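Notes to accompany the following structure.
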Amino acid sequence: MLSFLVGLAAVAVVGALLFLGGSLLLGRGETQPPADLDRSPVELPDDRPVTGEDVRGLQVSVAVRGYRMTEVDWLLEQLAQVIEERDEQIAALRAERPARAADADTDPGLTLPAGTAGASAVTASAGAAAAEEGSVDEGARDGA
């Protein structure tokens, strides 16, 4: 029984020494080296919206294990084109906005027919419409 315990202790000591030696030789077990602190892999503006030129100017670092460079370049070009189209659409809509506001002031649906007495005719027609609604509501109540 004593020889069994001595053998078990010897195996534990040898295992601990092998583990310690391996950890000293191989490091902390990191799968990748730490990133360089002096450069950022991607730099995009924080103070304004991203433009197509920003995307085209990206510099993606090359690694042994990673993506195909041609696919990344193609994807970045597609993204840059979509961003430029979006910016053009936004600029066109912003240019139309003042024109739409001017058209709202001259809406033909708001003009009064010729020969009416102005606001009193509008008020009278609104009153007649309200009276008709009231009679319809009363008729609906009678039938209910």
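The coefficient of translational diffusion for the stretch 40-105, derived via Stokes-Einstein from the alpha carbon Kirkwood radius under 37 °C and 0.692 mPa s, stands at 228 µm²/s. Taking label positions 7 Å along the Cα-Cβ direction at both L93 and S3, the computed distance is 8.7 nm, reported to one decimal. Label positions at T51 and E77, each projected 7 Å from the Cα along the C-beta direction, are separated by 2.1 nm.
FYI, it's all coordinate maths here, none of it is from the lab. Note that the structure is predicted; figures quoted are calculated from it, not measured. Backbone-built Cβ (ideal geometry, glycine too); neighbour counts: all protein chains shown.
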